[in-house]
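Visitor: What follows is a single structure, and I will ask about it in a moment.
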Amino acid sequence: GQQVQQSPASLVLQEGENAELQCNFSSTATRLQWFYQHPGGRLVSLFYNPSGTKHTGRLTSTTVTNERRSSLHISSSQTTDSGTYFCAIATGYQNFYFGKGTSLTVIP
Amino acid sequence: EAAVTQSPRNKVTVTGGNVTLSCRQTNSHNYMYWYRQDTGHGLRLIHYSYGAGNLQIGDVPDGYKATRTTQEDFFLLLELASPSQTSLYFCASSDANEQYFGPGTRLTVL
């Protein structure tokens, strides 16, 4: 199956700093999704972005399909951004494979 | 917005106990999934289904059964629970593109 590598594994930021989270995968992905997991456990979909760039608020996702990578940029981080970020990859109608996540801590 | 619900939200059982986790989606999605999440492992797929009566084996199926009774309902069964099955369990449904997750069930096996 797919190998999904996320980096860094953990990140600590001062409030207001920017963050760049990386996701690299081993095989062609036709579906790619970024998730945020609240400290309490709830998973929230941030982007469905198999190719190109998407924005929402302070978040930007960029996927370069032929280079098998995707990034999630968080600008002007806030303490409420703290949590774990996952990317998940699928090929065609096959299953999604998840990375192990990036744990983000934003300190005031 | 897709709606996936899970019950119970929390469950404590003893080793050897019998547990059923329930999931319902109201989006007419064909695909439904059960994952477990453990520290250091991200989410791992247990079983999935692409329609009522269908069941497919995921990556970590040992100790679990599943049943898809209708398009809306997908159940995960632990017939002889073990402490190694203590975990956070997520159900998800999907269309041809993205997945929609339920709120999770926290299971503790003593």
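The values are calculated or read from the model by the stated rules, or taken from the named source; none is laboratory data. Computed from a predicted structure; not experimentally measured. All Cβ positions, glycine included, derive from the backbone under ideal geometry; neighbour counts span all protein chains shown. With ligands, DNA and RNA removed, areas are computed over all heavy atoms of the protein, side chains included. Shrake-Rupley method; radii C 1.70, N 1.55, O 1.52, S 1.80 Å.
Visitor: For B:Thr20, all conditions in the list (1) closer than 23 Å to B:Leu110 by Cα; (2) touching a residue at least 60 places away in the same chain (Cβ under 8 Å) hold save one; what is the number of the exception?
Guide: (2)
Visitor: Would you check if B:Leu78 is more than 8 Å from chain A (Cβ to nearest Cβ) and within 11 Å of the chain's Cα centre (by Cα)?
Guide: Details: more than 8 Å from chain A (Cβ to nearest Cβ): yes; within 11 Å of the chain's Cα centre (by Cα): yes.
Yes: the conditions hold for B:Leu78.
Visitor: In segment B:27-39, which residues are open to solvent by less than 50 Å² (accessible area, probe 1.4 Å), farther than 16 Å from A:Ala88 by Cβ and within 11 Å of chain A (Cβ to nearest Cβ)?
Guide: Selection gives B:Asp38 alone.
Visitor: Considering every residue within segment B:14-22, establish whether at least one is loosely packed, with under 14 Cβ neighbours inside 10 Å, of a type in the set (Ser, Thr, Tyr) and touching a Leu at 6+ places or on another chain (Cβ under 9 Å). It would help to see each step written out before you state the result.
Guide: We begin by selecting, within segment B:14-22, every residue loosely packed, with under 14 Cβ neighbours inside 10 Å; these are B:14-16, B:18.
Pick out the ones that are also of a type in the set (Ser, Thr, Tyr) and you get B:15.
Keeping just the survivors that are touching a Leu at 6+ places or on another chain (Cβ under 9 Å) gives B:15.
Yes: segment B:14-22 contains one or more residues that are loosely packed, with under 14 Cβ neighbours inside 10 Å, of a type in the set (Ser, Thr, Tyr) and touching a Leu at 6+ places or on another chain (Cβ under 9 Å).
Visitor: Moving to a separate point now. Just for segment B:88-108: of the residues that are open to solvent by 10 Å² or more (accessible area, probe 1.4 Å) and assigned to a strand (DSSP E or B), which one is farthest from the other protein chains (Cβ to nearest Cβ)? Walk me through it before giving the result.
Guide: At the first step, the residues of segment B:88-108 found to be open to solvent by 10 Å² or more (accessible area, probe 1.4 Å) are B:88, B:95-98, B:100-101, B:103, B:106, B:108.
Filter once more, keeping what is assigned to a strand (DSSP E or B): B:88, B:100-101, B:106, B:108.
Working: B:Leu88: 6, B:Tyr100: 7, B:Phe101: 4, B:Arg106: 7, B:Thr108: 14 Å.
Looking at the filtered set, the residue picked out is B:Thr108.
Visitor: A further question on this structure: Might you check whether a residue that is in a strand (DSSP E or B), open to solvent by less than 50 Å² (accessible area, probe 1.4 Å) and of a type in the set (D, E, K, R) occurs anywhere in segment B:43-66?
Guide: The answer is no; no qualifying residue exists.
Visitor: Within chain A, which strands (runs of 3 or more DSSP E) (wholly inside it) include 2 or more residues that are touching a strand residue (DSSP E or B) at 6+ places or on another chain (Cβ under 7 Å) and farther than 24 Å from B:Gly102 by Cβ? If you could, list the steps in order and put the result at the bottom.
Guide: Numbers: elements: A:4-7, A:10-14, A:19-25, A:31-37, A:43-48, A:52-56, A:59-64, A:69-74, A:83-90, A:102-107.
Counting at least 2 such residues, we get A:4-7, A:10-14, A:19-25, A:52-56, A:59-64, A:69-74, A:102-107.
Visitor: If you go through segment A:10-33, how many residues are within 10 Å of another protein chain (Cβ to nearest Cβ) and within 21 Å of A:Lys100 (Cβ to Cβ)?
Guide: Start the filter on segment A:10-33 by keeping residues that are within 10 Å of another protein chain (Cβ to nearest Cβ), which leaves A:30-33.
Subset that is within 21 Å of A:Lys100 (Cβ to Cβ): A:31-33.
Summing the residues that are within 10 Å of another protein chain (Cβ to nearest Cβ) and within 21 Å of A:Lys100 (Cβ to Cβ) in segment A:10-33 gives 3.
Visitor: Among B:Glu79, B:Glu72, which is the only one that is surrounded by 15 or more Cβ atoms within 10 Å (Cβ to Cβ) and of a type outside the set (A, V, I, L, M)?
Guide: Details: B:Glu79 fails: surrounded by 15 or more Cβ atoms within 10 Å (Cβ to Cβ).
Within the list B:Glu79, B:Glu72, the selection yields B:Glu72.
Visitor: Does at least one position in segment B:59-66 carry a residue that is within 14 Å of chain A (Cβ to nearest Cβ) and without any contact (Cβ under 8 Å) to a residue 24 or more places away in the chain?
Guide: Looking through segment B:59-66, at least one residue is within 14 Å of chain A (Cβ to nearest Cβ) and without any contact (Cβ under 8 Å) to a residue 24 or more places away in the chain.
Visitor: Same structure, new question: If the Cβ limit is 7 Å and pairs must be 6+ apart or interchain, which residue in segment B:30-42 that is within 15 Å of A:Gln6 (Cβ to Cβ) pairs with which residue that is assigned to a strand (DSSP E or B) and not β-branched (Val, Ile, Thr)?
Guide: Here the result reads B:Gln37/B:Leu43; B:Gln37/B:Ser87; B:Gln37/B:Leu88; B:Gln37/B:Phe90; B:Gly42/A:Phe86; B:Gly42/A:Phe98, each pair linking segment B:30-42 to a residue that is assigned to a strand (DSSP E or B) and not β-branched (Val, Ile, Thr).
Visitor: Would you say A:Ser61 is within 19 Å of A:Val12 (Cα to Cα), of a type in the set (Gly, Ala, Ser) and either within 14 Å of another protein chain (Cβ to nearest Cβ) or surrounded by fewer than 17 Cβ atoms within 10 Å (Cβ to Cβ) (or both)?
Guide: Numbers: within 19 Å of A:Val12 (Cα to Cα): no; of a type in the set (Gly, Ala, Ser): yes; either within 14 Å of another protein chain (Cβ to nearest Cβ) or surrounded by fewer than 17 Cβ atoms within 10 Å (Cβ to Cβ) (or both): yes.
Against the criterion (within 19 Å of A:Val12 (Cα to Cα), of a type in the set (Gly, Ala, Ser) and either within 14 Å of another protein chain (Cβ to nearest Cβ) or surrounded by fewer than 17 Cβ atoms within 10 Å (Cβ to Cβ) (or both)), A:Ser61 does not qualify.
Visitor: Follow-up. List the number of the failed condition for A:Ser10; all other conditions in (1) within 23 Å of B:Arg44 (Cα to Cα); (2) surrounded by 13 or more Cβ atoms within 10 Å (Cβ to Cβ); (3) of a type in the set (Ser, Thr, Tyr) hold.
Guide: Single failed check for A:Ser10: (2).
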